[in-house]
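Participant: Before I ask anything, here is the structure I am working with.
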Amino acid sequence: MQVYRKGFIIGLAISALSMQVFAQAMTSWRSSNRDGIYQEKNLLSSWPEKGPELVMTLEDIGGGYSSPAVTGDRIYISGMIDQKGYLFSFDRKGKLLWKTEYGPEWYTAHSGVRGSPTATGNHVYIQSGVGHVICMNASDGKKVWTVDMEKRFGAITPKWGHAETMLLIDNQLICTPGGTKASVAALDPKTGTTRWTTKAGEEQSGYCSPTIVKHGSKPILITMLSASIIGIDPASHKLLWKHPHKTSYGVNPNTPIYSDGNVVYASGYGQGTGMLKLSGDGGKASQVWREPSLDPQMGGTVLLGTDLYGFGHKNKGLHCLDITTGKIKHSLAQKRGGVVISAGGKLYCYNEQGSVFLAQPERKAIRVISSFDIEQGRGPHWAHPVIDNGHLFVRHGAYLMVYDIGG
């Protein structure tokens, strides 16, 4: 199951991640604020010629594209084996603690697991590609409860399955059924009972993982459905605003980013990036600009200052867009798309050709510092990397590689 390399030392001190609005010990999708920026320090400024040291490989975790949920003492990762979904729990040295089958998984187009686990000290939550929400005990992997979103909320399964990493915040587990009865729903994390629902038409889920931001003193839940971006008041559960953003096949998977009263959103298929200006009370959203050239399909974006970075889908390249103007400033040539995250002011990129590279954003260019290729695993290179405690986690198929990038 696991392969060790010399030099693997990861501290076991438990460190809690916190969300921007409500502090709670948990893991989260694309960093603690879901914006792709990891608050890591003392990382390598460059990598050796063959890449940073590979300190551990977890094998036989099943097929899929989910990212690991990494806590102070655990690594949780999901995978599909024989059309069934499994959640694995490892300690930080790679020892398998438990492996639990949680039910059927997505085995048709681009088969494999989708959404990543969300973990707290006591429970781990996952949403399967067929629309089941499952809660397990973090200690032993035993199932606590399961909710079928189709049965409860009339969820309409998207073309490529449900692909959401759910949001656990303020003692609510938020999911996006995209159904006839509910667009967004909040579940009780302990029991799975429904806390509240919000309906925004009958759009399907857009494969997007929601976020909660703080606009002035007001928290706003933001996500994307198959043809729109929406804002919800998580206290009253009221739909605050809905802005159209329709892409081919209803694919809107990139979590929007909040910045200084604005919401920046992006999708592929040539639809590109846009920015909405929120009213003072957050009750309205108006279009500021839209630029089709930066059109990340599912690799997310990162905002550093006023510069937004992301891989294009139809417009190939790693692009830098100035959100004050809505225009592309410069680009780095790329043959295919990819994922971008950031730490320490640098970009960590994993492209669909299987290359991982470290880049320095500069005023007139994106300068590649170091790179290496992922040699293990099969299938598309779509999983979002994770940075934690000086280590870079990269998933490819049934393998999870861990690299030492600490300075």
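The values are calculated or read from the model by the stated rules, or taken from the named source; none is laboratory data. Keep in mind the model is a prediction, meaning the values are calculated, not measured. Here the Cβ is made from the backbone with ideal geometry for all residues, glycine too, and neighbour counts use every protein chain on show. For accessibility, only protein heavy atoms count, side chains too; no ligands or nucleic acids. Shrake-Rupley method; radii C 1.70, N 1.55, O 1.52, S 1.80 Å.
Participant: Considering the values (1) 185; (2) 197; (3) 119, which represents volume of the Cα convex hull per residue in Å³ as calculated for the structure under consideration?
Facilitator: Computing volume of the Cα convex hull per residue in Å³ and matching it to (1) 185; (2) 197; (3) 119 gives (3).
Participant: Using alpha carbons only, how many angstrom separate the centre of the stretch 198-256 from the centre of the stretch 263-294?
Facilitator: 12
Participant: I'm a student and want to see the number: the projected area of the Cα convex hull of the stretch 261-322, averaged over all directions, in nm².
Facilitator: Convex hull of Cα atoms, orientation-averaged projection: 4.1 nm².
Participant: Shifting gears a bit: Applying 1/(1 + (r/R0)^6) with R0 = 30 Å to the Cβ-Cβ distance of E59 and Y249, what FRET efficiency is obtained, to the nearest 0.05?
Facilitator: Values: r = 33 Å, r/R0 = 1.09.
Computed FRET efficiency for E59 and Y249 comes out at 0.35.
Participant: On to the next question. Between Q360 and S217, 0.36 nm times their residue separation minus their Cα-Cα distance comes to what?
Facilitator: Full-extension gain reported as 48.1 nm.
Participant: Measure out, as a whole number of angstrom, how far apart the alpha-carbon centroids of the stretch 316-356 and the stretch 153-169 sit.
Facilitator: Using only Cα atoms to place each centre, the spacing works out to 27 Å.
Participant: Still on this structure: If amide H atoms are built 1.01 Å from N in the plane of the peptide, which residues on other chains or at least 5 residues away come under 5 Å of the amide H of I405?
Facilitator: Counting only residues 5 or more places away or on other chains, the set is H391, L392.
Participant: In what sequence, highest mean first, do 191-199, 109-117 appear when ranked by Cβ atoms within 10 angstrom? Before the final figure, lay out each step's value.
Facilitator: On the way: 191-199: 15.1, 109-117: 23.0.
For the peptides 191-199, 109-117, the packing ranking is 109-117, 191-199.
Participant: Please work out the C-alpha center-to-center distance from the stretch 58-83 to the stretch 178-194 and express it in whole Å.
Facilitator: Answer, in whole Å: 25.
Participant: Taking every eigenvalue of the Cα gyration tensor of the stretch 79-183, multiplying by 5 and rooting it, what semi-axes result, largest first, whole Å?
Facilitator: With the √(5λ) rule applied to the stretch 79-183, the semi-axes are 23, 17, 11 Å.
Participant: Of the accessible area of the stretch 206-294, with the probe set at 1.4 angstrom, what percent is carbon plus sulfur?
Facilitator: 49
Participant: Same structure again: Distance check, please: which entries in K50/K93; K142/K238; K277/K314; K99/K335; K246/K316 exceed 28 angstrom between their Cα atoms?
Facilitator: Flagged as over cut-off: K142/K238; K99/K335.
Participant: Hey, another quick one. With each run of n ≥ 4 DSSP H residues scored as -39500 (n - 2.57), what mean residue ellipticity at 222 nm is computed for the chain after dividing by its residue count and rounding to the nearest 500 deg cm²/dmol?
Facilitator: 0 deg cm²/dmol
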